[in-house]
Amino acid sequence: MNKNLVIMFVKEPKLGFVKTRLSKDCDEEFTLDLYKCFVRDLISTLKVSEFDFKLCAYPKLDLINKEFGDFNNFLQSHGDLGVKMQNAFQTQFENGYEKIVLIGSDTPHISNEIINESFLKLDTNDIVLGPSLDGGYYLIAFSKQKFYDEVFKNISWSTENVLEETLQKLHEKQVNLLHSLNDIDVLDDLNSFFKEYSNSFFKTSETIKFLEKRKSWRSLM
């Protein structure tokens with residue numbers, strides 16, 4: 001077993017269940033198909049790496065394993081997002097991993113360079129965070145020896161204050177901040193992402209190909 005693990009949080013790919021903020025502007029079928037592209041692109045990135053990765057699923061495993069594959073996937077615990085992340089870290093540290101990077105599925109353009117940098121920075125830092133442009137973070141990483149569960153408690157989840165509140169808890173810790181990426185939560189995010197990445201290293205991704213094929217979403221801007 002590799003001592004390094006990436007955990008990706010995913011939801012069951014069901015109509016009306018994923019990317020609900022985006023689906024307010026785009027139809028639910030488009031949003032579901034786009035979400036599947038996000039997850040498959042991230043899996044494609046993680047599969048060619050030297051670390052282990054697992055999907056951490058909500059609320060059930062069957063559909064996720066069938067749609068995306070079983071990588072020793074496991075379920076998210078009950079509770080708010082902080083409780084879910086804390087328990088995911090603790091469970092996998094107990095399984096023998098020494099360093100863990102946790103990501104969501106709203107940032108399909110996370111690269112292996114970012115993941116590898118996160119593992120490397122854990123050698124000299126207590127925590128690694130990847131800030132997202134909406135005030136949250138797209139990545140959080142700990143080593144087993146320096147795991148600090150306070151960062152998951154009393155946070156205003158799903159607000160623009162998540163990163164700020166998290167950093168306030170870490171004022172005595174050595175923190176490494178990666179470069180910022182845009183979570184894709186609403187139509188403006190999707191448009192900005194497409195403009196920036198349609199001619200980048202990510203241009204051959206399922207996500208970009210899907211957005212080029214389904215051009216009608218651009219008329220919604």
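Given (1) over 15 Å from the mean Cα position of the chain (by Cα); (2) touching a residue at least 40 places away in the same chain (Cβ under 8 Å), where does Leu61 come up short, assuming only one miss?
(2)
Please work out if Phe142 is at pLDDT 95 or above and surrounded by 21 or more Cβ atoms within 10 Å (Cβ to Cβ).
Criteria met by Phe142.
Search region 205-221 for residues being polar (S, T, N, Q) and either farther than 13 Å from Asp27 by Cβ or at pLDDT 95 or above (or both), and hand back the single one that is surrounded by the fewest Cβ atoms within 10 Å (Cβ to Cβ).
Among residues in region 205-221 that are polar (S, T, N, Q) and either farther than 13 Å from Asp27 by Cβ or at pLDDT 95 or above (or both), the one surrounded by the fewest Cβ atoms within 10 Å (Cβ to Cβ) is Ser205.
With respect to the numbered conditions (1) crowded, with 22+ Cβ neighbours inside 10 Å; (2) under 14 Å from the mean Cα position of the chain (by Cα), which one is the sole condition not fulfilled by Lys99?
(2)
Being touching a strand residue (DSSP E or B) at 6+ places or on another chain (Cβ under 8 Å), over 18 Å from Asp33 (Cβ atoms) and aliphatic (A, V, I, L, M) is the filter here, so list the residues in region 43-74 that pass it.
Those that are touching a strand residue (DSSP E or B) at 6+ places or on another chain (Cβ under 8 Å), over 18 Å from Asp33 (Cβ atoms) and aliphatic (A, V, I, L, M): Leu46, Leu55, Ala57, Leu61.
Where residues in region 27-58 are outside any helix (DSSP H, G or I) and more than 14 Å from the chain's Cα centre (by Cα), which of them is surrounded by the fewest Cβ atoms within 10 Å (Cβ to Cβ)?
This residue is Val48.
Just need a number here: residues in region 65-115 that are among the acidic types (Asp, Glu), over 22 Å from Lys19 (Cα atoms) and part of a helix (DSSP H, G or I).
Final tally of qualifying residues: 2.
If you check Asp149 against the conditions, is it at pLDDT 95 or above and within 20 Å of the chain's Cα centre (by Cα)?
For Asp149, the condition - at pLDDT 95 or above and within 20 Å of the chain's Cα centre (by Cα) - is met.
The rows are residues; the columns are (1) aromatic (Phe, Trp, Tyr); (2) surrounded by 15 or more Cβ atoms within 10 Å (Cβ to Cβ); (3) closer than 30 Å to Lys203 by Cα.
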| residue | (1), (2), (3) |
| --- | --- |
| Asn72 | no, no, yes |
| Phe93 | yes, yes, no |
| Phe119 | yes, yes, yes |
| Gly130 | no, yes, yes |
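Taking the residues in region 160-183 that are within 25 Å of Leu220 (Cβ to Cβ) and modelled with pLDDT of 95 or more as candidates, determine which candidate is farthest from the chain's Cα centre (by Cα).
Step one: list which residues in region 160-183 are within 25 Å of Leu220 (Cβ to Cβ), which gives 160, 181-183.
The next check asks that each one be modelled with pLDDT of 95 or more; those that pass are 160, 181.
Numbers: Glu160: 17, Leu181: 11 Å.
Across region 160-183, the extreme among qualifying residues is Glu160.
Would you confirm whether or not region 185-193 contains a residue that is modelled with pLDDT of 95 or more and among the β-branched types (Val, Ile, Thr)?
No, the conditions are met nowhere in region 185-193.
Which helices (runs of 4 or more DSSP H) does region 135-221 wholly contain that include 1 or more residues that are among the aromatic types (Phe, Trp, Tyr) and in contact (Cβ under 8 Å) with a residue 60 or more places away in the chain?
187-197, 206-213
Determine whether region 193-213 contains at least one residue that is closer than 30 Å to Gly82 by Cβ, in contact with a Cys (Cβ under 7 Å, 6 or more places away or on another chain) and among the β-branched types (Val, Ile, Thr).
yes
The values are calculated or read from the model by the stated rules, or taken from the named source; none is laboratory data. Owing to the predicted nature of the structure, the values given are computational and were not obtained by experimental measurement. No Cβ is skipped: glycine too gets one built from the backbone with ideal geometry, and neighbour counts run over all protein chains shown.
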